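The values are calculated or read from the model by the stated rules, or taken from the named source; none is laboratory data. Just so you know, these numbers come straight off a predicted model, no measurement behind them. When we count neighbours, we look across all protein chains shown, and the Cβ atoms used for this are built from the backbone with ideal geometry, even at glycine.
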Amino acid sequence: MFQLDQLLRENIRQLVPYSSARDEFKGEAQVFLDANENSLGSPLTRWYNRYPDPHQWKVKEALSKIKGIPPQHIFLGNGSDECIDLLYRAFCNPGKDNIIINPPTYGMYEVSAHINDVEVRRAVLLDDFQLDLVHLETLVDENTKIIWICSPNNPTANSINRQDIEIVLNNFPGLVVVDEAYINFSRHRSFIQELADYPNLVVLQTMSKAWGLAGLRLGMAFASEAIIEVYNKVKAPYNISQATQELVLAALEETGQVNDMIRALVTMREQLVQDLALLPLVRKVYPSDANFLLVKVGDARAVYQYLLQDGIVVRDRSKVELCEGCLRITVGTEKENQELIQALRTYDAGRIVS
């Protein structure tokens, strides 16, 4: 049975959050003399001398219309990494509690756990990159606070079986975090619409991938209002800058253009799969629901180094469990994809000659 109060760290339960000037003021005004800002402006623009909205309500209201859930169920972080880190800080007692990851998966779940002195337990995926539910269950004990599930997964690019995720949600009394950073490139339905059914569910998304705003660093967490209140309690007062809020608001008005980009990237992804599969050095191109491909090649390190010399950077994942001999390749522009294929053809030709 999920009970949020029992899951929280005692110091967080007792915490009186910092109250900023913008938290205490509500309504409209013309003269702001409450936050010790520089009233003369800044060298850049007269607008950025003021602190931003600490709860980013305009952005949340715009997201609410797109995602179909109330803004009270949305938390915005300085990248998804802040959304990840704050869960450890709020729910995991250092040196006592543990979390479960399902490798190979996104590395920050483990890194952030180590930073917060939280034990990491590993339920390695099955050979088809799906959850090993039997192993996962054996790892759970009374101090297990969070289970992390990345779907579509990184670096494997596949989606995790929805029924398996639901089994975890229905049987685990702690938090289940479903990281959907790549969901827009998949035909699978987001878990956001399931929040009412699962009080222990946290869904992560990002503006970095489909929205093309990696440089702005805006991550999103969707959860029950109670969990969002915990997020707001422990976050830094002004964690999202005014510039980021303005640029994200402008981007959210361009959903049609974003959808066009998603379709174009998926089309190029499928073409890249076909082109890679024809190369002798490629042993397997794994199915992808993301904007990247996991590709098994004959000598991953040698191919990686060769591409690097040609000015093309991919990700060598050959030392990651279950990804032996694999490169992770992001879908680029049409020109970039063609340059990649041509470089790999040249590499193949050189191998045949030698």
What residue, of E253, E246, E194, E225, is over 29 Å from P52 (Cα atoms) and either surrounded by fewer than 19 Cβ atoms within 10 Å (Cβ to Cβ) or among the aromatic types (F, W, Y) (or both)? E194
Restricting the search to region 175-189, which residues are crowded, with 22+ Cβ neighbours inside 10 Å and part of a loop (DSSP other than H, G, I, E, B)? E180, A181, Y182
Hey, L308 hits all of (1) touching a helix residue (DSSP H, G or I) at 6+ places or on another chain (Cβ under 9 Å); (2) modelled with pLDDT of 95 or more but one; which does it fall short on? (1)
Between residues in region 13-29 that are in contact (Cβ under 8 Å) with a residue 60 or more places away in the chain and residues that are surrounded by fewer than 10 Cβ atoms within 10 Å (Cβ to Cβ) and in a loop (DSSP other than H, G, I, E, B), which pairs lie under 9 Å by C-beta distance while being six or more apart or on different chains? none
Determine the pairs where a residue that is more than 19 Å from L213 (Cβ to Cβ), located within region 251-277, has a partner that is β-branched (V, I, T) and assigned to a helix (DSSP H, G or I) with Cβ atoms under 9 Å apart, the partner being 6 or more residues away or on another chain. L272/I341; D275/I341; L276/I341
Please pick out the residue among E166, E110 that is out of contact with any Lys or Arg (no Cβ under 7 Å at 6 or more places or on another chain), within 26 Å of K296 (Cα to Cα) and of a type in the set (D, E). E110
Tell me which residues, restricted to region 209-222, are surrounded by 19 or more Cβ atoms within 10 Å (Cβ to Cβ) and in a helix (DSSP H, G or I). L216
Here's a check for you: in region 138-153, which residue that is of a type in the set (D, E, K, R) and touching a residue at least 12 places away in the same chain (Cβ under 8 Å) is surrounded by the most Cβ atoms within 10 Å (Cβ to Cβ)? K145
Give region 192-227 a look and list any residue that's touching a residue at least 40 places away in the same chain (Cβ under 8 Å) and of a type in the set (V, I, T), or say none. I192, V202, T206, I227
Within region 27-71, considering residues that are outside any helix (DSSP H, G or I) and of a type in the set (V, I, T), the one surrounded by the most Cβ atoms within 10 Å (Cβ to Cβ): I69
Hey, any hits in region 290-311 for a residue that's within 22 Å of the chain's Cα centre (by Cα), assigned to a loop (DSSP other than H, G, I, E, B) and not polar (S, T, N, Q)? yes
Of (1) on the phi < 0 side of the Ramachandran plot; (2) within 19 Å of the chain's Cα centre (by Cα), A264 satisfies every one except (2)
Assuming D97 fulfils every condition listed in (1) crowded, with 22+ Cβ neighbours inside 10 Å; (2) on the phi > 0 side of the Ramachandran plot apart from one, which condition is it? (2)
